[in-house]
1. Looking for something surrounded by 13 or more Cβ atoms within 10 Å (Cβ to Cβ), under 30 Å from Leu22 (Cβ atoms) and among the β-branched types (Val, Ile, Thr) - is there at least one such residue anywhere in segment 176-183?
2. Mind counting the residues in segment 17-38 that are surrounded by fewer than 18 Cβ atoms within 10 Å (Cβ to Cβ) and in contact (Cβ under 8 Å) with a residue 24 or more places away in the chain?
3. Of the residues Thr25, Thr106, Thr94, which single one is of a type in the set (Val, Ile, Thr), in a helix (DSSP H, G or I) and at pLDDT below 85?
4. Please name all residue pairs, on different chains or six or more residues apart, with Cβ atoms under 9 Å, provided the first residue is in segment 159-179 and is touching a residue at least 24 places away in the same chain (Cβ under 8 Å) and the second residue is of a type in the set (Phe, Trp, Tyr) and not in a helix (DSSP H, G or I).
5. Which pairs turn up if I take residues in segment 40-54 that are in a helix (DSSP H, G or I) and look for partners that are among the charged types (D, E, K, R) and at pLDDT below 95 with beta carbon separation below 7 Å, at least 6 apart in sequence or on another chain?
6. Taking Arg138 as the residue in question, decide whether it is at pLDDT 75 or above and over 14 Å from the mean Cα position of the chain (by Cα).
7. Among the candidates Arg184, Arg156, Arg129, Arg199, single out the residue that is at pLDDT below 95 and closer than 24 Å to Ala107 by Cα.
8. Would you confirm, using the coordinates I've provided, whether Ala66 is of a type in the set (A, V, I, L, M), surrounded by fewer than 19 Cβ atoms within 10 Å (Cβ to Cβ) and assigned to a helix (DSSP H, G or I)?
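The values are calculated or read from the model by the stated rules, or taken from the named source; none is laboratory data. Please read all numbers here as calculations on a predicted model, not as lab measurements. Every residue, glycine among them, receives a Cβ derived from its backbone with ideal geometry; neighbour counts consider all protein chains shown.
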Amino acid sequence: MSTSGTKPSQRRRGADLEAALLDATWSELVDTGFAKLTMESVAARAKTGIAVLYRRWANKDELVLAALQHYRDSHPVDLPDTGSLRGDLLAALTGMGQERASFFTTAVTAGLSGLLAGSGLSPAEVRERIFGQHVADRVRTLYERAESRGEIDLKRTPPAVLDMPYDLVRHDLFMRLAPVPTARIRSIVDDLFLPLVER
């Protein structure tokens, strides 16, 4: 019988264990970069054996992709509901251009450091794995709200126009590897996007 008054440590299992492994991978990716990250270094940071990682992910590339997806899901950017299309877009793009800057920088740096070559995926395929339908559904919700208020006609608006504000912010994040200035976001919304959809 223990008299120390402390509870014995509980072994992590299932989803808790997987989240801990992916959190450790993200921390290792931020601290050391993709090139220096190894399955061994992640296992050491997570205080577990390397076999635990290999039972879930075949290699470092799959592990890093899973960690990027996990970070995205566990650190969501709020979907704004300001009452207007302009307000929603300004808020959403500001959140994306500022709150997601460190995430985007880490993801891009990983890609440039060897993730693309090692995984055999194209930049478009990596983008789809990291963002994919998750982001598309959130963007669609924002536009559907605007349509219900009579601000936009989705049937008459080309998909390329709807994608444009987000594509431009992603482009700026890629080129700057830093938060996108507020003035730039306002220009994307007011000077480029709204004149097209209002027409």
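1. Yes, segment 176-183 contains a residue that is surrounded by 13 or more Cβ atoms within 10 Å (Cβ to Cβ), under 30 Å from Leu22 (Cβ atoms) and among the β-branched types (Val, Ile, Thr).
2. 8
3. Within the list Thr25, Thr106, Thr94, the selection yields Thr106.
4. Arg170/Phe131
5. Here the result reads Ser41/Glu28; Val42/Glu28; Arg45/Glu28, each pair linking segment 40-54 to a residue that is among the charged types (D, E, K, R) and at pLDDT below 95.
6. No; evaluated as a whole, the condition is false for this residue.
7. Result: Arg129 is the single residue among Arg184, Arg156, Arg129, Arg199 that is at pLDDT below 95 and closer than 24 Å to Ala107 by Cα.
8. yes
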